[in-house]
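Inspection log for the structure reproduced underneath, given as structure tokens.
The values are calculated or read from the model by the stated rules, or taken from the named source; none is laboratory data. Bear in mind that the values here come from a model prediction, so they are computed numbers and not experimental data. Don't worry about glycine lacking a Cβ; one is built from the backbone with ideal geometry, like all the others, and counts go over all protein chains shown.
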Amino acid sequence: MPVNFYTVIESARRQGKTAIGYRLMDLAHQANAAYGVVLNPEKAQTISFSSADKVILLAED
Amino acid sequence: MIYTDLMDFEGDEIYTSAIPSLVGKTYGDILSAFNKNCVMGIIHADAKAILNPPMDTPILGDDRLIIIGADDDQIHLDGKAELQENLIVSFNTQQPQIEKTILLGWNWRGWRAVHELDNYVSSGSELTIVANCRELQAKIPTLQEELKNQKIHFQSGNTTDRQLLDSLHLEEYSHIIILCYCDELDPQKADAKTLITLLHLRDIEQRSGKTFSIVSEMMDIRNRNLAEVAQADDFIVSDKLISLLLTQVSENKVLNSVFY
């Protein structure tokens, strides 16, 4: 289900965390795709995450 | 990867900016205020940076926001929260998990790394250190005393040796960290050893059918490209990070408090 990054940020906010990006694990070994890391994505854009993909968060622990 | 990305001047970097129109709102409110920038925290008038402050922290008149963006003149308040409320699921607060970490190799930064790790893991976690380093063995009891959460197991051995690596049951660990032997060896030799270990680990991983999480240190940025063959999940090139950090701070002194 495609989701926009506003929704990801809101979801993290409810847990007291700041979402700053994500990592697509399919691209984890591709240097030219920054190893799947996307920081500061355009928030209106929608992304289709798989269950292996990760959100990059600032959090206490 | 993430740190390098934020600190080099390609792509997006961290900026600080005072945005008067957001004064009076809370930190949680302003997270969605930008479409192409991402808020990370607040710098108060006393120059103290707080990353991920409590969501109800109010923005004061003399605060600066810590923002990721393409350039310091590219910060626009153009966000509109287009929430897909139906996609937000609340999941149960996770039980603190006991983690098993293994550290292969050793150098002087290892001491600091072990302490930092200890702050992250929950009580009862385990840390196995395997290194070809005689002096370290004698220091392990001291290191153990300084830790709150982890129990250390130490094994002396050659971390490029396949038989040794096979005997470690690496599939049981949640994280594998490779430190280079840069105290004793020159950077190229130290990286060569790290690369051998990495290649063995990838082979062991493929045979076991499990996925390892590996973070590896590299002395020379050029060897990172070589190491991509070995597919580490992440690399830390210490010298490169430090030089990037210095250039970012020289561009904007306030950033110093963000990184520390």
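If we scan the range B:75-83, do we find a residue that is more than 20 Å from the chain's Cα centre (by Cα), surrounded by 12 or more Cβ atoms within 10 Å (Cβ to Cβ) and small (Gly, Ala, Ser)?
Filtering the range B:75-83 for residues more than 20 Å from the chain's Cα centre (by Cα) gives B:75-83.
Applying the additional criterion that residues be surrounded by 12 or more Cβ atoms within 10 Å (Cβ to Cβ) yields B:75-79, B:81-83.
Cutting the leftovers down to small (Gly, Ala, Ser) gives us B:79, B:81.
Yes, that holds for at least one residue.
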Looking at the range A:22-36 only, could you name the residues that are touching a strand residue (DSSP E or B) at 6+ places or on another chain (Cβ under 8 Å) and at the interface with chain B (Cβ under 8 Å from one of its Cβ atoms)?
A:35
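With respect to residue B:152, is the statement that it is assigned to a helix (DSSP H, G or I), touching a strand residue (DSSP E or B) at 6+ places or on another chain (Cβ under 9 Å) and without any contact (Cβ under 8 Å) to a residue 60 or more places away in the chain true? Spell out the reasoning first.
On the way: assigned to a helix (DSSP H, G or I): no; touching a strand residue (DSSP E or B) at 6+ places or on another chain (Cβ under 9 Å): yes; without any contact (Cβ under 8 Å) to a residue 60 or more places away in the chain: yes.
Spelling it out, it is not the case that residue B:152 is assigned to a helix (DSSP H, G or I), touching a strand residue (DSSP E or B) at 6+ places or on another chain (Cβ under 9 Å) and without any contact (Cβ under 8 Å) to a residue 60 or more places away in the chain.
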Considering only residues of the range B:24-41 that are facing chain A (nearest Cβ under 7 Å) and among the small types (Gly, Ala, Ser), which is surrounded by the fewest Cβ atoms within 10 Å (Cβ to Cβ)?
B:28
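Let's see how each residue does on (1) facing chain A (nearest Cβ under 8 Å); (2) buried (at least 20 other Cβ atoms within 10 Å of the Cβ); (3) on the phi > 0 side of the Ramachandran plot:
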site	(1), (2), (3)
B:11	yes, no, yes
B:17	no, no, no
B:22	no, no, no
B:43	no, yes, no
B:48	no, no, no
B:57	no, no, no
Taking residue B:87 as meeting all but one of (1) more than 9 Å from chain A (Cβ to nearest Cβ); (2) modelled with pLDDT under 90, write down the number of the exception.
(1)
Is one or more of the residues making up the range A:35-57 surrounded by 20 or more Cβ atoms within 10 Å (Cβ to Cβ) and in a helix (DSSP H, G or I)?
yes
Between a first residue in the range A:1-21 that is more than 8 Å from every other protein chain (Cβ to nearest Cβ) and a second residue that is part of a loop (DSSP other than H, G, I, E, B), which pairs have beta carbons less than 6 Å apart while being 6 or more apart in sequence or on different chains?
A:2/A:48; A:5/A:41; A:5/A:43
